[in-house]
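The values are calculated or read from the model by the stated rules, or taken from the named source; none is laboratory data. Not measured: the values here are computed from a predicted model. FYI the Cβ positions are ideal-geometry reconstructions off the backbone, even for glycines, and counts take in every protein chain you see. The accessibility values were calculated without ligands, DNA or RNA, using every heavy atom of the protein model including side chains. Shrake-Rupley method; radii C 1.70, N 1.55, O 1.52, S 1.80 Å.
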Amino acid sequence: MEKFRSICVYCGSSTGRGSTFTKAAIELAEYLVAEGCRLVNGGGSIGLMGVMTNRILELGGEAIGVIPMSLKVREVAHLGMTELIVVPDMHSRKLTMVNLSDAFICLPGGFGTLDELFETLTWSQLYLHRKPIGILNVDGFFDPLLQMLSRMVQENFLKAEARALLHTHEEIPALFEKLYSPSKYNSQKWDTEPAD
């Protein structure tokens, strides 16, 4: 099994309340370095993004950040990254991160984090890429979102095959096992027409 060369991590520009989310970000950073995996993220120096990047660099790993010019001007860019790519806008940021990465993991965050996650899922649903996508469900943070996805399937707004594109687990090694497991949907098209 060929290991991932680069993994994109979507996460908050805040660390959230308490230490639970910070601890998870540090553990994921350490796991990536142990796996010889390069981090790709939004290039910020703050929040869980900054926590992960700092730990990766402390351990001698690689971290590539992709940041729009508007945020770099606001001085939130992490200037110590292995490589910082400055792009014109948010759409270019997401496209560049997808192109640089072999897989995607989502940690807790806000609107921007969910925007990145769902655009990446939508692109996979539309066959624009076939890269695995996962959620690290720290302390049950994503439970309400996962319940919503189940409701979307039940109400015929989302096909079960498309829902299967998103892997979830509470533990990092188990999530990686899911990401590495080939899905029958990775090579099989399904009907993308709206359900009746």
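Given a 1.4 Å probe, how much area per residue of segment 13-72 is accessible, in Å²?
The answer is 41 Å² per residue.
Which cross-chain or sequence-distant (5 or more) residues have an amide H under 5 Å from the amide H of Gly42, H modelled 1.01 Å from N in plane?
Here Val66 satisfy the definition.
Accessible area of segment 6-71 with a 1.4 Å probe: how many percent of it is carbon plus sulfur?
On the way: 1240 of 2400 Å².
The nonpolar share, carbon plus sulfur, comes to 52 percent.
So, in the chain, how many Lys pairs have Cα atoms under 20 Å apart, if the pair is 8 or more places apart or on different chains?
12
How far is it, in nm, from the label point at Ser19 to the one at Glu2 when both lie 7 Å from their Cα along the line to the Cβ?
According to this spin-label approximation, the distance is 4.1 nm.
Mind pulling the angle between the C-alpha long axis of helix 20-34 and the longest principal axis of the chain? Nearest 10 degrees, somewhere in 0 to 90.
90
Under 25 °C and 0.890 mPa s, how fast does the chain diffuse according to Stokes-Einstein, given a Kirkwood radius computed over C-alpha pairs? Answer in µm²/s, whole number.
On the way: Rh = 17.0 Å.
This corresponds to a translational diffusion coefficient of 144 µm²/s.
HN-Hα J couplings of segment 145-158 from phi, Karplus 6.51/-1.76/1.60, θ = phi - 60°, integer Hz, Gly and Pro as x?
Couplings: 5, 5, 5, 5, 4, 4, 5, 4, 5, 4, 8, 6, 8, 9 Hz.
At a Förster radius of 45 Å, what calculated FRET efficiency corresponds to the Cβ-Cβ distance of Arg130 and Ser70, to the nearest 0.05?
Working: r = 31 Å, r/R0 = 0.69.
For R0 = 45 Å, the calculated efficiency reads 0.90.
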